[in-house]
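One structure is given here, and the rest of the page talks about it.
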C-alpha cells in the first residue's frame, strides 16, 4: 500500500478537483440559468484534469524515483491513478448528482425537450439520469486517464 501512496494521494486530489469543478459549474449557473452553455464550458475541466496528472507524475518522479523516471514508470503510475479514479467514479457521480447539484437532471431534461435535442420526455429521462451518467463517467475516467498517462509520461520522463 505504501508503494502506491503517491498514486492514491493524487487520485484523491483528482476526485476532489472534479467535485470542486462541478460545484463551480453549479455556482455560475451552468446547471440552471446558463444550462445552454454547459456542454461547451464543461470541457474546461480538461485544464485542471491534465494539470493534476502533470503534478502527480512530477511528484512521483521526484519523491519515489529520486528525479529519474522512465516513460514506462510514468505511464504505469498514471494508469494506477486512473484505475483508482475509475473505481471511485460511481461514488463521485453520486455525490455530484444527489449532493452538489440535484437539480441538474430535471433542468437538462427540460432544456433538451425545449431545444428538440430529445423528442420525448422518456427519451430524455433515459439519457439524463444517475445510472447512465455513472456508466459514462466510469468509462470516461478510464479513457481520459489512460490518454493523459500516455501523453504526460512522455513529457515528464527523465531525459537521457
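Worth a mention:
- Qualifying positions in the range 112-137 - outside any helix (DSSP H, G or I) and under 23 Å from the mean Cα position of the chain (by Cα): 128, 129
- The set of residues in the range 138-160 that are assigned to a helix (DSSP H, G or I) and either free of Cβ contacts under 8 Å to residues at least 60 places away in the same chain or loosely packed, with under 14 Cβ neighbours inside 10 Å (or both) comprises 138, 139, 140, 141, 143, 147, 151, 154, 155.
- Residue in the range 92-103 that is part of a helix (DSSP H, G or I), surrounded by 14 or more Cβ atoms within 10 Å (Cβ to Cβ) and out of contact with any helix residue (DSSP H, G or I) (no Cβ under 8 Å at 6 or more places or on another chain) present: no
- Residue ranges of helices (runs of 4 or more DSSP H) in the range 1-89 with at least 2 members surrounded by fewer than 17 Cβ atoms within 10 Å (Cβ to Cβ), modelled with pLDDT of 95 or more and within 14 Å of the chain's Cα centre (by Cα): 5-27, 46-59
The values are calculated or read from the model by the stated rules, or taken from the named source; none is laboratory data. Keep in mind that this is a model prediction, so the values were computed, not measured. Glycine also receives a Cβ, built like all others from the backbone with ideal geometry; neighbour counts cover every protein chain displayed.
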